[in-house]
Structure formats: C-alpha cells, structure tokens
Amino acid sequence: MIGYIYIIRNSVNGKFYIGSTNNYHKRKLKHFNQLRKNKHHSVYLQRAFNKYRESNFEFILIETCYNYQIREQELLN
C-alpha cells in the first residue's frame, strides 16, 4: 500500500508534528478541521495552533513510500 509521511510545521518556532496516511488530502483537511474546532488529539499541536494561529502552520508532504507506517517510526527514532 502506498502511503505518505507528512509534517505540520510551525513556521514561527520550527517545531513540527509528524504523521502518516494513505490519503494525503483527506488527512490534511481532517487535521485542520479538528484544529479549527479546538478538538485535535495532539494537545501540544492544538495549544500551538491556538497560540500562533493557522497562518503560521504548513502541511508538508515529506515522503511517499510503500511501508509508510514503518518509515514514520524510523523518522521518529
């Protein structure tokens, strides 16, 4: 299965959230919808989003791969 590794980066301080998905566009919409509603599962990302505003966050595709869940873990280690 083809998947995607992405980051949501705070352009103010350079901190980022890393994730993986098999549907890049759908996942991007879901993240930002949850953040706008103040209901994101990552407390740290939600607090930063609330503090720095949406305009300071970017959703960046960093890799397309076959074993994307394994690759995500490699990037985190």
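The values are calculated or read from the model by the stated rules, or taken from the named source; none is laboratory data. Quantities reported herein were computed from a predicted structural model and do not represent experimental measurements. Cβ: placed from backbone, ideal geometry, glycine included. Neighbour counts: every protein chain shown. These area figures cover heavy atoms from the full protein model, side chains too; ligands, DNA and RNA do not enter into them. Shrake-Rupley method; radii C 1.70, N 1.55, O 1.52, S 1.80 Å.
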How many residues does segment 7-32 hold that are at pLDDT below 95 and touching a His at 6+ places or on another chain (Cβ under 9 Å)? 1
So, in segment 4-27, exactly how many residues are over 18 Å from Glu63 (Cα atoms), polar (S, T, N, Q) and open to solvent by 20 Å² or more (accessible area, probe 1.4 Å)? 2
Tell me which residues, restricted to segment 1-50, are free of Cβ contacts under 8 Å to residues at least 40 places away in the same chain and assigned to a loop (DSSP other than H, G, I, E, B). Asn13, Gly14, Lys15, Asn23, Lys37, Asn38, Lys39, His40, His41, Ser42
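Per-residue answers, yes or no, for (1) among the charged types (D, E, K, R); (2) open to solvent by 80 Å² or more (accessible area, probe 1.4 Å); (3) on the phi < 0 side of the Ramachandran plot:
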position	(1), (2), (3)
Leu29	no, yes, yes
Phe32	no, no, yes
Lys39	yes, yes, yes
Ser42	no, no, yes
Gln46	no, no, yes
Asn50	no, yes, yes
Arg53	yes, yes, no
Glu58	yes, no, yes
